[in-house]
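Here is the structure we will look at.
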Amino acid sequence: MAFILINTFDSLKNRNFRFLVFGMISMIGGMNVQMLARSQLGWDLTGSSLAVTLVGVGFAPPMLLFSLFGGVVSDRFDNKNIIQLGQLGVIAITTFIAISIFTNTITIYHLIIVSFFQGTFWAFMMPARQSIIAELVDENQLNNAVSLNAAGMSLTTMVSPAIGGLVYHYFGPGMTYVLITFFCIIAIISTSMIPKSKTKVQKKSKVLGEIKEVFIILKDNTLLLYLIMLALVTTLLSLPTRTLFAPYASELLSGGALEVGLMLASIGGGALIGTLVAASIPQKTKKGKFILLTSLLSGLSILVLGFSSITIFSIFLCFFLGLGDAGRRSLNPSMIIEKTPNEYRGRVMGFYAMSFGFIPLGAIPMGIISDKYGVNIAFIFSGLALIIFTMLLTNRKVIRN
């Protein structure tokens, strides 16, 4: 047991990686508080579910549009500078919202526009943040580092919304955005302690030409193509289920906000365990089978949730949903980074980051199915689709081995 614990936190011995993780935890903490505050503030301003939805998905279009360009920028320039510029951008927009609240000039349109800009900043930060991990740690620590990075995100996702909710409730939205800005300032200070990237070869080719190179790489490297496809499909089928927890709790569990909170907390607990388990897997281990198993676990959990009407059992299933999702989100990017040549890493991770822009494309059809046939049918459909896709990939030797 002692060996497992030591092995699990091995990459944290690296000073530079510690600063990266601490900055990431602070940044993600601020982002999670902002998601809660933005949604609640949007509702307080309008009382419209549609308006809140537009605020919530405003980040997605720029993630789709700019992630590939963010990957090109990551391959061309210093990743530390890219991350810090993105952090400065987030500080600027959260400060703007805080001032708008305190001056009583805030409108729903401010929130929608800011959501779009935040998605733009993250479209450039995500490829840089994933790529810089490989620059900071040894190759034999890569899986451990990526998994611990994800573990920090899972822990932050569990804790920060509760903090944000308390601050919003007792001190109001203005002070909540001050807290968000404070989180982001800590992040940029921590990131500043990381050394600059090694000098990169400056290409004279056009940006679209460099993006085209990645399509060629994915065409020639079947493993990378399948890993990107898996990220895309799981984003479409698994992550959107969270948006239906409120109707799920109401229709199937005869509950409300308490049950939704317990289900989300259970997912967070499973996610934390999943990322720590992934972090303990040795670098040389064949991770393809683990990725497929975690995907299958997510699909089965969603499927069985569609048949459950028992609150305790549904909360129990959410733990395994979090375990599967987080385990896959730890191992999948680790394997992509490991199998991608250094000079293409940013652009390939741009493809990976782009998958998060597809969340609304999964959430909208699931919402339509839920309204027309019931939320249980939406869960059953999503779970079955994910299981079938995973089984198809299981027949592909290149990812299985």
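The values are calculated or read from the model by the stated rules, or taken from the named source; none is laboratory data. What you are looking at is a predicted structure, and each value in this text was computed from that prediction instead of being measured. When we count neighbours, we look across all protein chains shown, and the Cβ atoms used for this are built from the backbone with ideal geometry, even at glycine.
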(request) Select, from Thr103, Thr46, the only residue that is within 22 Å of Ile364 (Cα to Cα) and either surrounded by fewer than 18 Cβ atoms within 10 Å (Cβ to Cβ) or assigned by TED's automatic domain parsing to the domain that holds Arg347 (or both). (result) Thr46
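Answer yes or no as to whether Ile281 is outside the structural domain of Asn140 (by TED's automatic domain parsing) and over 26 Å from Gly71 (Cα atoms). Outline the logic, then answer.
On the way: outside the structural domain of Asn140 (by TED's automatic domain parsing): yes; over 26 Å from Gly71 (Cα atoms): yes.
Here the answer is yes, as Ile281 does meet what is asked.
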(request) Of the numbered conditions (1) modelled with pLDDT of 85 or more; (2) under 20 Å from Ala187 (Cα atoms); (3) hydrophobic (A, V, I, L, M, F, W, C), Leu65 fails exactly one; give the number of that condition. (result) (2)
(request) Kindly establish whether Arg345 is at pLDDT below 90 and surrounded by 20 or more Cβ atoms within 10 Å (Cβ to Cβ). (result) yes
(message) Would you confirm whether or not the range 255-270 contains a residue that is buried (at least 17 other Cβ atoms within 10 Å of the Cβ), farther than 25 Å from Val375 by Cβ and at pLDDT 80 or above?
(response) no
(request) Scan the range 116-129 for residues that are surrounded by fewer than 22 Cβ atoms within 10 Å (Cβ to Cβ) and within 13 Å of Phe77 (Cβ to Cβ) and jot them down. (result) none
(message) Given the criteria touching a Gly at 6+ places or on another chain (Cβ under 6 Å) and buried (at least 22 other Cβ atoms within 10 Å of the Cβ), does Ser67 qualify?
(response) yes
(request) Looking only at the range 171-180, decide whether some residue is hydrophobic (A, V, I, L, M, F, W, C), under 30 Å from Gly288 (Cβ atoms) and touching a residue at least 40 places away in the same chain (Cβ under 8 Å). (result) no
(message) Name the single residue that is nearest to the chain's Cα centre (by Cα) among those in the range 212-254 being farther than 23 Å from Leu292 by Cα, among the polar types (S, T, N, Q) and surrounded by fewer than 17 Cβ atoms within 10 Å (Cβ to Cβ).
(response) Ser250
(message) Exactly one condition in (1) within 21 Å of His169 (Cα to Cα); (2) in a helix (DSSP H, G or I) is false for Val90; which is it?
(response) (1)
(request) Among the residues of the range 306-316, write down those that are assigned to a helix (DSSP H, G or I) and surrounded by fewer than 21 Cβ atoms within 10 Å (Cβ to Cβ). (result) Thr311, Ile312, Phe313, Ile315, Phe316
(request) Kindly check whether there is at least one residue in the range 239-246 that is in a helix (DSSP H, G or I), among the small types (Gly, Ala, Ser) and modelled with pLDDT of 85 or more. (result) no
(request) Out of the residues in the range 130-152 that are in a helix (DSSP H, G or I) and surrounded by fewer than 24 Cβ atoms within 10 Å (Cβ to Cβ), state the one that is nearest to the chain's Cα centre (by Cα). (result) Gly152
(message) Ala92 - would you say it is over 29 Å from Asn342 (Cβ atoms) and aliphatic (A, V, I, L, M)?
(response) yes
(message) What are the pairs with Cβ atoms under 6 angstrom where one residue, in the range 133-147, is more than 14 Å from Phe9 (Cα to Cα) and the other, located anywhere, is not in a helix (DSSP H, G or I)? Sequence gap at least six, or different chains.
(response) Glu135/Ser197
(request) Considering (1) of a type in the set (A, V, I, L, M, F, W, C); (2) touching a Phe, Trp or Tyr at 6+ places or on another chain (Cβ under 7 Å); (3) surrounded by fewer than 20 Cβ atoms within 10 Å (Cβ to Cβ); (4) closer than 20 Å to Ala278 by Cα, say which one Met193 fails and leave the rest. (result) (4)
(request) Answer yes or no: is there a residue in the range 54-62 that is more than 17 Å from the chain's Cα centre (by Cα), at pLDDT below 90 and part of a helix (DSSP H, G or I). (result) yes
